Amino acid sequence: FKNAIKQSPENAMARFLLGQTYLQTYSSSAAVIELEKAQSLGFSDGDTELTLGKAYAQLQQDDNILNNISSQSGFSATANAEIHAIRALSLFRKDQSTAAKKELDEARKLDETATGVRLSWASYEQSFKNTEAQKSWLKPLLDKNGGVADAWSQMAELEKNAGNLKVAEEY
């Protein structure tokens, strides 16, 4: 993708794909730069908005999430659901649990099966020590394409906290 950008610096798709790659390798600052550039070049859809939101989340830039990332009518229901979920976690970190719950409820209405939505709800339930509710949000993610790492981690943490060390090790 870097070579494509060298040959064509205005290639918004290449910038988006490079930003996505940076995000997957936890090079969050580099991801933000490329994704913002892709948007400034007119590459703006639900995936771009969501990926940029995830990059901001990795950097714990809650203000950027709340000020710059929002659902839009032209985005898919799943992208909008995931965007609401990211916004909810930012609001929750800022001690705005009522507003966070509203975002989570909206995410649930749009697509409660989306990975980010389920993980956000599980985190929300964890903060209120609702372990059964947390598990119910996580369990479907354990079987999804070999499992979602964050879901496995949360389940292991739940079992560890319950004193089930053997079970925790299995996660």
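The values are calculated or read from the model by the stated rules, or taken from the named source; none is laboratory data. It should be emphasised that the depicted structure is a prediction, and the values quoted were computed from it without experimental measurement. Here the Cβ positions follow ideal geometry from the backbone for every residue, glycine too, while neighbour counts run over all protein chains shown. Accessible surface areas use protein heavy atoms only, side chains included; no ligands, DNA or RNA. Shrake-Rupley method; radii C 1.70, N 1.55, O 1.52, S 1.80 Å.
May I ask you to say which residue of 114, 149, 162, 100 is closer than 23 Å to residue 24 by Cα and in contact with a helix residue (DSSP H, G or I) (Cβ under 8 Å, 6 or more places away or on another chain)?
Of 114, 149, 162, 100, the one residue that is closer than 23 Å to residue 24 by Cα and in contact with a helix residue (DSSP H, G or I) (Cβ under 8 Å, 6 or more places away or on another chain) is 114.
The number of residues in the stretch 109-137 that are without any contact (Cβ under 8 Å) to a residue 24 or more places away in the chain, surrounded by 14 or more Cβ atoms within 10 Å (Cβ to Cβ) and either more than 21 Å from residue 83 (Cβ to Cβ) or not hydrophobic (A, V, I, L, M, F, W, C) (or both) comes to 5. For the list (1) surrounded by fewer than 21 Cβ atoms within 10 Å (Cβ to Cβ); (2) over 22 Å from residue 124 (Cβ atoms), I need the number of the one condition that residue 61 fails. (2) is the only condition that residue 61 fails. Only one of the numbered conditions (1) at pLDDT 95 or above; (2) in a loop (DSSP other than H, G, I, E, B) is violated by residue 129, and that is (1).
Could you grab me the full set of residues in the stretch 141-161 that are part of a helix (DSSP H, G or I), of a type outside the set (A, V, I, L, M, F, W, C) and farther than 14 Å from residue 120 by Cβ? Let's see the steps before the verdict.
Of the residues in the stretch 141-161, the ones part of a helix (DSSP H, G or I) are 141-142, 144-146, 149-161.
Among the residues that remain, those that are also of a type outside the set (A, V, I, L, M, F, W, C) are: 144-146, 150, 153-154, 157, 159-161.
If the condition is that a residue be part of a helix (DSSP H, G or I), of a type outside the set (A, V, I, L, M, F, W, C) and farther than 14 Å from residue 120 by Cβ, then 144, 145, 146, 153, 157, 159, 160, 161 are the ones that fit.
Pairs linking a residue in the stretch 59-78 that is part of a helix (DSSP H, G or I) to a residue that is of a type in the set (A, V, I, L, M) and open to solvent by 40 Å² or more (accessible area, probe 1.4 Å), with Cβ atoms under 9 Å and 6 or more positions apart or on different chains, are 62/89; 65/89; 77/110; 78/110.
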